[in-house]
Amino acid sequence: MPHEVVSVSKTMTEKILSHHVQEGTLERGTEVGIRIDHCLTQDSTGTMAWLEFESLGLKKVQAEKVVSYCDHTSLGFKGESTDDHIFLQTIASHYGAKFSKNGNGVCHQLHYERFGVPGKTLLGSDSHTPTAGGLGMLGIGAGGMDVAVAAGGGLFYVIVPKMLNVILTGKLTHGVGAKDVALEILRRISVKGGVGHFIEFTGPGVKTLSVPERATITNMCTETGATSSIFPSDDITASFLKMQKREGDWSELTPDGDAVYDSTLEIDLSSVKPLVAMPGMPDNVFDIDEVAGTKLNQVYIGSCTNGSYHDLRIVAQMLKGKHISTDIDVIVSPGSRQAWEMLMEDGSFLAFTKAGVRMIEPGCNACIGIGFVPGNGHLSLRTVNRNWKGRGGNKFGKIALCSPQVAAASALAGVIADPRKLPPVEVSVDHLDIDDYLILDPVGESMEIVRAPNIVPLKPQTPLAPTLAGEVLLKVGDGISTDAIMPAGPLTQHLRSNLPEISKFTFFYEDKTFATRAAEKNGGFIVGGDNYGQGSSREHAALGPWQLGIKAVFAKSYARIHRANLINVGIIPFLCNTDIIDQGDELEIDVSNLEGDLVVQNKTKGTHFSVKHDLSKREIDMIKTGGLLAYTAQQHA
């Protein structure tokens with residue numbers, strides 16, 4: 001039976017969850033099962049998610065709304081990607097989901113524009129699903145298996161995190177954007193500071209931000225490690241939904257006046273400066289004064305973080321009547337077809353092309369290394385959300401993150417430049433064109449699912465053996481990202497539906513021999529440091545090791561989504577001091593009783609050490625049956 005929060009006073013998150021909890025009690029630090037209203041998948045993670053949904057044996061999706069988007073490989077740079085798109089369109093239609101075609105835009109921006117509803121829950125197979133929080137919708141990123149189960153009407157389980165209240169006052173000044181607010185948060189709390197938290201935004205400064213600006217901030221708060229982040233649904237939200245011709249979807253959402261937060265962070269918007277996150281991590285943040293003049297090779301403007309019409313209209317006004325530096329390439333990629341068409345309507349598109357900008361259709365594109373890959377040692381300044389090594393498709397390229405305002409000023413100068421030195425630009429949006437032609441309604445069971453040879457079903461999940469033994473095949477350091485475990489970009493993007501092939505690229509940037517050694521030794525173990533698996537919801541970073549026979553990971557701590565993905569495929573995420581383990585060590589552990597004390601025998605060193613885990617009873621049962629799909633089948637049986 002559903003349980004509600006005992007406390008009378010609630011935060012926004014607690015208000016939403018209190019209407020969605022179906023199992024457990026909504027208390028911070030406890031696990032609850034919640035009902036999911038909307039689900040989204042995209043073409044990078046969606047092929048696996050739909051194969052996983054199909055394995056559930058259901059005739060159609062059960063969630064209120066399920067949308068399958070094509071945005072990551074929408075350019076069809078290889079034939080396998082085109083095959084994936086046809087598969088995704090036909091399988092979504094067959095099972096009753098909407099389908100957003102190539103060129104329509106990025107899932108996160110499209111969903112809050114065309115489908116998002118304040119007060120409802122959204123689960124997406126992409127870590128930036130919290131973008132919907134800009135609209136007052138509770139969006140959570142997860143692995144494809146979790147989304148498949150939720151689409152089938154199953155519950156999504158989450159540890160109720162602590163609540164961080166970011167209190168906004170003041171108003172942004174000339175040359176400063178919402179992206180700078182997000183970078184300021186990252187500078188203050190780091191890429192680990194949001195772990196175990198929901199982030200809520202309150203204060204008088206909220207009223208000064210449009211929905212697209214709010215969505216930029218909730219999108220970027222993913223980089224803090226937060227489970228989700230959310231803004232109130234107010235008159236600004238109502239006006240936005242009215243422009244989207246969806247005013248009937250609006251409802252008010254605010255925290256109670258005496259809602260209890262675990263911590264607070266105060267930001268005076270009028271004091272925020274233009275900021276840049278230099279290569280390496282999104283929290284490697286500097287004031288514009290510290291990095292101005294740094295030579296650039298490329299500027300990329302757009303993506304789900306800053307691809308709104310509001311943002312790109314600002315850039316167009318800043319570039320109008322001017323020319324970009326011929327020393328660099330400048331690319332603009334709107335986040336949605338709506339933004340694309342509005343830029344054409346108001347003359348911005350022509351202003352971009354006259355300035356020397358290269359326009360590309362709405363999609364993820366360069367953000368994940370599909371096109372416009374930076375050359376060796378080149379620095380690309382981007383309005384995207386991530387800048388880890390290899391993120392742009394070349395581990396020798398470098399990526400810095402900034403606002404559209406900084407990007408526009410830098411495009412003109414050819415070096416990182418301060419937008420405050422250019423004339424002020426004021427932009428207001430009073431209407432939006434609606435064009436849902438490329439969003440397709442489902443046909444139903446009569447739609448034949450088209451499968452090309454590269455659409456490979458998953459191997460069965462098998463029960464956990466009583467003893468795990470093998471070699472430590474790889475030891476890595478702190479902050480290893482899902483990009484480091486399974487590279488994004490042109491190296492692997494076309495293989496997302498073919499696990500046997502894509503698994504060969506596991507840890508490709510860290511150790512090209514890993515996959516071969518794992519196959520030869522019939523699996524083994526991986527050892528990591530703090531925040532292992534940070535970043536993307538990409539379950540291929542767990543599926544790849546699983547395909548290669550990896551039995552467990554030993555780390556000091558895990559990123560939330562990757563931890564869940566490991567459990568979903570039956571890999572145990574052990575916690576211990578990994579300083580005492582070396583690559584090449586032969587380990588053995590009795591796992592016949594996961595509820596008891598666990599001791600690892602290091603046969604190479606003739607020693608032993610204790611390990612623990614933070615698995616719930618449900619997660620232990622999942623591990624024992626082999627993973628989420630096997631567990632779900634068992635529950636249905």
If I ask for residues that are assigned to a strand (DSSP E or B), touching a Phe, Trp or Tyr at 6+ places or on another chain (Cβ under 8 Å) and free of Cβ contacts under 8 Å to residues at least 60 places away in the same chain, which ones from segment 338-386 would you list? Met359
Could you tell me which numbered condition His111 fails, if it satisfies all but one of (1) at pLDDT 95 or above; (2) surrounded by fewer than 21 Cβ atoms within 10 Å (Cβ to Cβ); (3) over 21 Å from Val450 (Cα atoms)? (2)
Please list, ordered by first then second residue, the pairs with beta carbon atoms under 6 Å, 6 or more apart or interchain, first in segment 236-258 and assigned by TED's automatic domain parsing to the domain that holds Ala215, second of a type in the set (Phe, Trp, Tyr) and not in a helix (DSSP H, G or I). Ala238/Trp250; Leu241/Trp250
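Only one of these is under 24 Å from the mean Cα position of the chain (by Cα) and at pLDDT 95 or above: Asp268, Asp283, Asp262, Asp235. Name it. Working first, answer last.
Working: Asp268 fails: under 24 Å from the mean Cα position of the chain (by Cα); Asp262 fails: under 24 Å from the mean Cα position of the chain (by Cα); Asp235 fails: under 24 Å from the mean Cα position of the chain (by Cα).
Of the residues listed, the single one that is under 24 Å from the mean Cα position of the chain (by Cα) and at pLDDT 95 or above is Asp283.
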Among the residues of segment 479-510, which ones are in contact (Cβ under 8 Å) with a residue 60 or more places away in the chain, out of contact with any Ser or Thr (no Cβ under 8 Å at 6 or more places or on another chain) and in a loop (DSSP other than H, G, I, E, B)? Gly479, Pro487, Asn498, Tyr509
Glu290 being within 24 Å of Gly479 (Cβ to Cβ) and charged (D, E, K, R): yes
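Hey, could you check segment 551-596 for residues that are charged (D, E, K, R) and closer than 19 Å to Leu464 by Cβ and say which is surrounded by the fewest Cβ atoms within 10 Å (Cβ to Cβ)? Write out each step before concluding.
Our first condition is that a residue be charged (D, E, K, R); within segment 551-596, this holds for 551, 556, 560, 563, 579, 582, 585-586, 588, 590, 595.
Then drop every residue that is not closer than 19 Å to Leu464 by Cβ, which leaves 551, 563, 588, 590, 595.
On the way: Lys551: 23, Arg563: 23, Glu588: 14, Asp590: 15, Glu595: 8.
Once the filter is applied, the top-ranked residue is Glu595.
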Residues of segment 453-469 being touching a Gly at 6+ places or on another chain (Cβ under 8 Å) and either part of a strand (DSSP E or B) or buried (at least 16 other Cβ atoms within 10 Å of the Cβ) (or both), which ones? Gln461, Leu464
Among the residues listed as Leu56, Leu40, the single one being among the hydrophobic types (A, V, I, L, M, F, W, C), within 22 Å of Ser303 (Cβ to Cβ) and in the same structural domain as Leu122 (by TED's automatic domain parsing): Leu40
Looking only at segment 484-511, which residues are crowded, with 19+ Cβ neighbours inside 10 Å and aromatic (Phe, Trp, Tyr)? Phe505, Phe507, Phe508
Can Lys389 be described as in the same structural domain as Asp311 (by TED's automatic domain parsing) and in a loop (DSSP other than H, G, I, E, B)? yes
Going by the structure shown, is Leu473 assigned by TED's automatic domain parsing to the domain that holds Ala555, in contact (Cβ under 8 Å) with a residue 40 or more places away in the chain and either not basic (Lys, Arg) or not in a loop (DSSP other than H, G, I, E, B) (or both)? yes
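Would you mind stating whether Ser228 is crowded, with 22+ Cβ neighbours inside 10 Å, of a type in the set (S, T, N, Q), in contact with a Pro (Cβ under 6 Å, 6 or more places away or on another chain) and not assigned by TED's automatic domain parsing to the domain that holds Ile561? Spell out the reasoning first.
Working: crowded, with 22+ Cβ neighbours inside 10 Å: yes; of a type in the set (S, T, N, Q): yes; in contact with a Pro (Cβ under 6 Å, 6 or more places away or on another chain): yes; not assigned by TED's automatic domain parsing to the domain that holds Ile561: yes.
The answer is yes for Ser228.
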Restricted to segment 306-352, and to residues that are of a type in the set (Gly, Ala, Ser) and under 26 Å from the mean Cα position of the chain (by Cα), which residue is nearest to Asn104 (Cα to Cα)? Ser336
Answer yes if at least one residue in segment 616-634 is more than 20 Å from Asn522 (Cβ to Cβ), outside any helix (DSSP H, G or I) and modelled with pLDDT under 95, and no otherwise. yes
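In this structure, is Ser18 closer than 17 Å to Gly141 by Cβ, of a type in the set (Ser, Thr, Tyr), without any contact (Cβ under 8 Å) to a residue 40 or more places away in the chain and assigned by TED's automatic domain parsing to the domain that holds Ser263?
Numbers: closer than 17 Å to Gly141 by Cβ: no; of a type in the set (Ser, Thr, Tyr): yes; without any contact (Cβ under 8 Å) to a residue 40 or more places away in the chain: yes; assigned by TED's automatic domain parsing to the domain that holds Ser263: yes.
In short, no.
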Taking the condition crowded, with 19+ Cβ neighbours inside 10 Å and outside the structural domain of Asp614 (by TED's automatic domain parsing), does Gln547 pass? no
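I need the strands (runs of 3 or more DSSP E) fully contained in segment 1-70, keeping only those with at least 1 residues that are charged (D, E, K, R). Let's see the steps before the verdict.
Working: elements: 21-23, 31-34, 38-42, 65-69.
Filter on segment 1-70 gives 21-23, 31-34, 65-69.
Looking only at residues that are buried (at least 16 other Cβ atoms within 10 Å of the Cβ) and out of contact with any strand residue (DSSP E or B) (no Cβ under 8 Å at 6 or more places or on another chain) in segment 240-250, which one is nearest to Gln338 (Cα to Cα)? Give the derivation first.
At the first step, the residues of segment 240-250 found to be buried (at least 16 other Cβ atoms within 10 Å of the Cβ) are 240-241, 243-244, 246, 249-250.
Adding the requirement that they be out of contact with any strand residue (DSSP E or B) (no Cβ under 8 Å at 6 or more places or on another chain) leaves 240-241, 243-244, 246, 249.
Working: Phe240: 13, Leu241: 14, Met243: 12, Gln244: 10, Arg246: 15, Asp249: 19 Å.
Selected residue: Gln244.
The values are calculated or read from the model by the stated rules, or taken from the named source; none is laboratory data. Quick caveat: nothing in here was measured; it's all calculated off a predicted structure. Neighbour counts are summed over all protein chains in view; Cβ atoms, including those assigned to glycine, are modelled from backbone coordinates with ideal geometry.
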